[in-house]
1. Send over a whole-number figure in Å² for the accessible area per residue of the range 29-117, probe 1.4 Å.
2. From the residues His121, Met54, Val68, which one has its Cα farthest along the dipole of the chain in the positive direction, the dipole being from +1 and -1 charges on Cβ of Lys/Arg and Asp/Glu about the Cα centre?
3. Which residue fluctuates most in the GNM of the chain (Cα springs below 10 Å): Glu114, Glu125, Glu25?
4. For the range 37-102, take every pair of Cα atoms, bin their distances at 10 Å starting from 0, and report each bin as a whole percent.
5. Using the Karplus equation 6.51 cos²θ - 1.76 cosθ + 1.60 (θ = phi - 60°), what ³J(HN,Hα) coupling, rounded to whole Hz, does each residue of the range 78-95 give in order, writing x for Gly and Pro?
6. Ranked highest first by average number of other Cβ atoms within 10 Å, how do 133-139, 67-73, 40-46, 94-100 line up?
7. Using the Cα centre of the chain as the reference point, and only Cβ charges (+1 on K/R, -1 on D/E), how large is the resulting charge dipole? Debye, rounded to the nearest 20.
8. Note the direction-averaged projected area, equal to a quarter of the hull surface, for the Cα convex hull of the chain, in nm².
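The values are calculated or read from the model by the stated rules, or taken from the named source; none is laboratory data. What you are looking at is a predicted structure, and each value in this text was computed from that prediction instead of being measured. Don't worry about glycine lacking a Cβ; one is built from the backbone with ideal geometry, like all the others, and counts go over all protein chains shown. Each accessible area value is taken on the protein alone, full model and side chains, heavy atoms only, with ligands, DNA and RNA left out. Shrake-Rupley method; radii C 1.70, N 1.55, O 1.52, S 1.80 Å.
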Amino acid sequence: RAKSFVRSLGFDPAEDEEEENMLREEMLRARRESRERQQRAFQFFFTVTAVPVMCQAVMKNAVIGPLVDLRGENTPVFLNETLEEKAFAELQRYEERLHFEMLIGKVPHLDKHEMEEKLKHKADELGKTYRSESLEATKNMFA
């Protein structure tokens, strides 16, 4: 009698279990779809960001870099006045530091020829450094 009374109210335990199962399946399907959307979003993000960066790096290091390096000896030391001024200021500071160190006795007194040799050596170093910087800027510009 209890079963017929419950059924007369419109409550069927079997139907409730079916509904619960359908709800579970719906939740699982929604979770799966959410996970798939998340994976697609990550793949899209990776494609949009990482692939261009990798292509640029490969082009710079494998194609453009060697071409620029081949012509590196023929390129000017300075691409622009700013680099030239920077190198000149650095050479001037070096010369002033040498004079100062000679005056305080930190460095033995150098004659004119030795001073010129030291300055020439520093100028060569700066030339190599700034040529390399110019080449790197050229590679970045074309890559």
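1. 84
2. It is Met54.
3. Fluctuation is largest for Glu25.
4. 17, 19, 22, 19, 14, 7, 2, 0
5. 10, 7, 8, 5, 4, 5, 5, 5, 4, 5, 4, 5, 5, 5, 5, 4, 4, 5
6. Order by mean packing, descending: 133-139, 94-100, 67-73, 40-46.
7. 320
8. Its Cα hull, projected and averaged over all orientations, spans 20.2 nm².
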